[in-house]
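The values are calculated or read from the model by the stated rules, or taken from the named source; none is laboratory data. Just so it is clear, the structure is predicted and the values come from calculations on it, not from any experiment. Because the Cβ atoms are built from the backbone with ideal geometry, glycine has one as well, and the counts that use them run over all protein chains shown.
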Amino acid sequence: MFVDLADALAPGSVHSFELAGSPRVVYRTAGGDVLVADAHCPHVGTHLGQGGTVEGECIRCPLHGLRFTPDGACVEARARGGELRLAMYPTRVVAGMVFCWHDPAGGAPDFELPELDAREFLPYRIRTERLALPMEEPLEVHAVDVRHNTTLHREQGVEIVDPFTTDATSTHASLVMRHPATPAGRRMLRVLGFPDGYVETHVEVTTVGLGYQHIRSTVAAMDLVVNQFMLAVPRTAEEIDLHVVYSMRRLRRDGLPGLLRALPLGLLEPMFERAGHGELMAATDEHLRMWTRKRHLSKPGLLDDEDDLRRYRAWVDGFYTTLGTEPARAGDRGSDQYWDARLRG
Ligand code: FES
Ligand SMILES: [Fe+2]
């Protein structure tokens with residue numbers, strides 16, 4: 001689950017956050033590692049976000065000064081009847097974003113997020129919306145709910161490139177579409193030599209687990225690449241924070257059309273970056289109008305030609321539902337037995 005942008009965590013800083021009703025702290029050690037711990041000190045329950053400090057690789061509790069190492073062991077003391085240990089959560093930094101593993105049953109990670117090289121990309125912009133929807137509600141599903149691209153977003157010429165596929169913990173699909181820009185974007189496209197105000201965009205969507213969706217949009221005609229992440233984090237069983245994270249790859253002069261190559265990149269890059277962000281925010285606003293009063297249906301009335309959406313919902317359910325009495329783990333989710341059961345259900 002998404003925690004924060006890595007750049008937001010200076011060495012020595014301790015930030016509080018909440019994940020599925022459980023208060024946690026995230027901090028960066030002197031050595032630069034980012035760690036996530038239970039917010040409450042195991043001594044007598046002081047909140048480490050209220051004055052806890054980082055000392056070297058340890059976090060120190062403000063009340064009695066006990067320190068805890070990166071694996072949660074207490075440096076100074078042992079509790080009566082057992083070791084005093086701060087609960088730590090597996091944490092990863094992927095492409096400048098901090099994620100921590102969340103399993104209500106306390107299990108260890110059974111999959112990893114993909115490596116992603118974001119070095120050529122401009123700093124992230126992030127927008128967070130609180131929605132009264134559960135984690136199992138599929139939200140931004142460009143490549144699965146293909147119909148909404150033409151109805152809600154008014155995209156033209158939508159065509160599937162890579163059909164929707166799933167494995168135990170991830171999904172993938174891609175499509176092309178001609179994107180009708182906002183009025184400002186359309187004016188810009190006309191100036192750039194696209195008389196209709198449209199550009200063809202290739203959209204590739206990779207979802208890993210329930211809290212990570214990467215949408216990579218490529219406009220080949222301008223050699224533009226945009227990374228968008230839709231990062232849902234459960235607050236309660238019925239409420240999520242949806243983080244929409246945006247970043248454009250630095251402009252490449254050789255990829256720009258015609259006359260633009262003669263203009264300074266320092267002028268063009270912020271213009272393109274703002275325009276791309278404006279397009280994303282417009283699409284996000286279109287969705288927000290749908291999401292703010294939406295209700296999660298456990299048995300939606302899907303149409304005959306919506307098998308991908310049916311399959312996507314079944315895949316999402318796999319993170320919650322059980323086979324027999326055991327929690328569905330990665331292996332179960334990928335099995336024929338699992339899919340037969342889910343798709344029949
Ligand atoms: S409550 Fe944390 S050291 Fe005592
Ligand atoms: Fe959409």
R147 is checked against (1) buried (at least 17 other Cβ atoms within 10 Å of the Cβ); (2) within 16 Å of ligand 2 (Cβ to nearest atom) and fails just one. What number does that condition carry?
-> (1)
Determine which single condition T91 fails, assuming it passes every other condition in (1) modelled with pLDDT under 95; (2) under 30 Å from L122 (Cβ atoms); (3) not hydrophobic (A, V, I, L, M, F, W, C).
-> (1)
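Pick out, from the range 1-116, the strands (runs of 3 or more DSSP E) lying fully within it that include 2 or more residues that are small (G, A, S), outside the structural domain of A168 (by TED's automatic domain parsing) and more than 16 Å from ligand 2 (Cβ to nearest atom).
73-79
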